[in-house]
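Chemist: If you scroll down you'll find the structure; I have some questions about it.
The values are calculated or read from the model by the stated rules, or taken from the named source; none is laboratory data. Just so it is clear, the structure is predicted and the values come from calculations on it, not from any experiment. Neighbour counts run over all protein chains shown; Cβ positions are idealised from the backbone, glycine included. We work out accessible area using only protein heavy atoms, side chains counted, and drop any ligands, DNA or RNA first. Shrake-Rupley method; radii C 1.70, N 1.55, O 1.52, S 1.80 Å.
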Amino acid sequence: MKKTIYFDNNATTQVDPEVFEAMKPFFCERYGNASSIHSFGGSVMAEIEEARRQVAGLIGADFRDKDNCASEILFTSGGTESDNAALAAQPERKKIVTTCVEHPAILTTVREYARAGYEVKLIPVDGSGRLDWAFAEKEIDGNTAIVSCMWANNEIGNVYDVKRMARLAHQQGALFHTDAVQAVGKVPVDLSDGEIDFLSLSGHKLHGAKGIGVLYIRRGVRFKPLITGGHQERGRRGGTENVPAIIALGKACEIARRDMAEEIASLSALRDKLESGIVQSIPRVHVNGDPDSRLPNTSSVSFECIEGEAILSMLNCYGICASSGSACTTGSLEPSHVLRAMGVPYTSAHGTIRVSLSKFNTAEEVEKVLEVLPDIIRTLRSISPFWEEK
Ligand code: PLP
């Protein structure tokens, strides 16, 4: 069988074997319900609390229940639920400010709020995906209930100054949420200064399991449960705890904390090798994003005059998995909302691919891509009606 070269780690990651070992006993051996009176189930609660401590350790949060206040770490089903829950927890104002490059977990949700009568403002970006701060300063006002700004963008990898945005929100008495699904585990995230009210993270983006996430809720911030039911998570989220996935997330966070500095160095070296190899061997390409502030693992590259999907299917023939900057909507291939917001020209936006790396990738895998990509691009351009040799 052809070896898979997996370069789609912003979509999801391989469960780390160390993480898998940690979660395994909680399927067939220690499968009791953590809320049980009997110790077979009840003893699992201590493991959940240990996972909460491990998650908190990675992001500088407090995992303990204190003075009748619940822990700052709330387990959810993933990034999407955490994003929804944060937006639902807002105070009695009718305006939401977010950015035009958010994940659909935020953008689709705020569209619903707009239908329900909220004023929703989307902060625009420039050609490198950098935020328009003047717009943010103007629109975050005394009517604003909540501001939501992602920590890192999933398509182009830009890392945003969320603390600055949080200060703008707080000056106006608004809450601040950040979708840090693509940041946690990849770049340092430290909430110990108390500047952030809510933060979303997701297990499957950092070598944990799918279907688990966390909403960080700063101590003292009012929270209204999105999912009501049993008394789990101190009444803040009903539903039996997903114990194996919680244990996995704890372990994944512990490993990320331990290895982060080393990984940032090795991933950015791999990413730079990939980008410089592409730029040197292929004409009319553009690397998207902010070179001064981006994730170490993400590369978004536009190739003029061809379709990203065609590149991906040819890479797929070599066992190489990447993703495109386009979303297929109702049969028509539209460039992604992020590239459109950046004003990437149509002929480039369509030919965009995203390569997202992880600690399991190697220099040999990058070399394989650099070996096959120039031919793929040449072949596709030779049949493209838009391509003219300059
Ligand atoms: N937010 C961002 C920035 C993401 O990249 C993703 C997943 O791609 C999500 C939210 C959704 O996370 P989940 O898949 O855990 O629901």
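Chemist: Looking at the range 55-210 only, what percent of DSSP beta bridges run antiparallel? Nearest 5 please. Mind dumping the intermediate values first?
Modeler: Numbers: 3 of 19 bridges.
Antiparallel bridges: around 15 percent, rounded to the nearest 5.
Chemist: How large is the accessible surface of C317 in square angstrom, using a 1.4 angstrom probe and rounding to the nearest 10?
Modeler: Near enough 90 Å² of accessible area.
Chemist: Now for a different question. With +1 on the Cβ of every Lys and Arg and -1 on the Cβ of every Asp and Glu, and nothing else charged, how large is the dipole of the chain about its Cα centre, in debye rounded to the nearest 20?
Modeler: On the way: 43 positive and 51 negative charges, 138 e Å.
The dipole magnitude comes to about 660 debye.
Chemist: To the nearest 20 debye, what is the magnitude of the charge dipole of the range 128-278 about its Cα centre, counting +1 on the Cβ of each Lys and Arg and -1 on the Cβ of each Asp and Glu?
Modeler: Details: 20 positive and 19 negative charges, 105 e Å.
Magnitude of the dipole: close to 500 debye.
Chemist: Out of all DSSP beta bridges in the chain, what portion is antiparallel? Express it as a percent rounded to 5.
Modeler: Details: 28 of 47 bridges.
Roughly 60 percent of the beta bridges in the chain run antiparallel, per DSSP.
Chemist: Got the relative contact order for the range 196-322 handy, in percent, Cα pairs under 8 Å and 6 or more residues apart?
Modeler: Numbers: 121 pairs, mean separation 19.0, N = 127.
Computed over the range 196-322, the figure is 15 percent.
Chemist: With everything on Cα atoms, drop me the angle between helix 363-382 and the longest principal axis of the chain, reported from 0 to 90° to the nearest 10.
Modeler: In the chain, helix 363-382 runs at an angle near 50 degrees to the longest axis.
Chemist: Give me the distance in nm between label points sitting 7 Å out from Cα along the Cα-to-Cβ direction at D190 and S276, one decimal.
Modeler: 3.0 nm
Chemist: Run the numbers for N68 and F40: contour at 0.36 nm per residue of separation, minus the present Cα-Cα distance, in nm. Provide the component values of the computation, followed by the final result.
Modeler: Values: separation 28, 0.36 × 28 = 10.08 nm, distance 2.70 nm.
Stretched out fully, the N68 to F40 stretch lengthens by 7.4 nm.
Chemist: Something else: Relative contact order for the range 92-178 using alpha-carbon pairs under 8 Å, separation at least 6, rounded to a whole percent? Write down the numbers at each step before the final one.
Modeler: Details: 144 pairs, mean separation 27.4, N = 87.
After rounding, I find 31 percent.
Chemist: Straight distance only, please: which lysines reach the Cα of K24 with their own Cα at less than 17 Å, same-chain residues fewer than 8 apart left out?
Modeler: Here the lysines satisfying the reach criterion relative to K24 are K210, K251.
Chemist: How high is the relative contact order of the chain, in percent, counting Cα pairs under 8 Å that sit 6 or more residues apart?
Modeler: 22 percent
Chemist: Continuing with the same structure: I'd like the distance between the alpha-carbon centres of the range 107-142 and the range 38-102, rounded to an integer number of Å.
Modeler: Using only Cα atoms, the two centres lie 25 Å from each other.
Chemist: Across every pair of different alpha-carbon atoms, what Kirkwood hydrodynamic radius in Å does the chain reach? It would help to have the intermediate numbers written out before the result.
Modeler: Details: mean 1/r = 0.0456 Å⁻¹.
Here the Kirkwood hydrodynamic radius works out to 21.9 Å.
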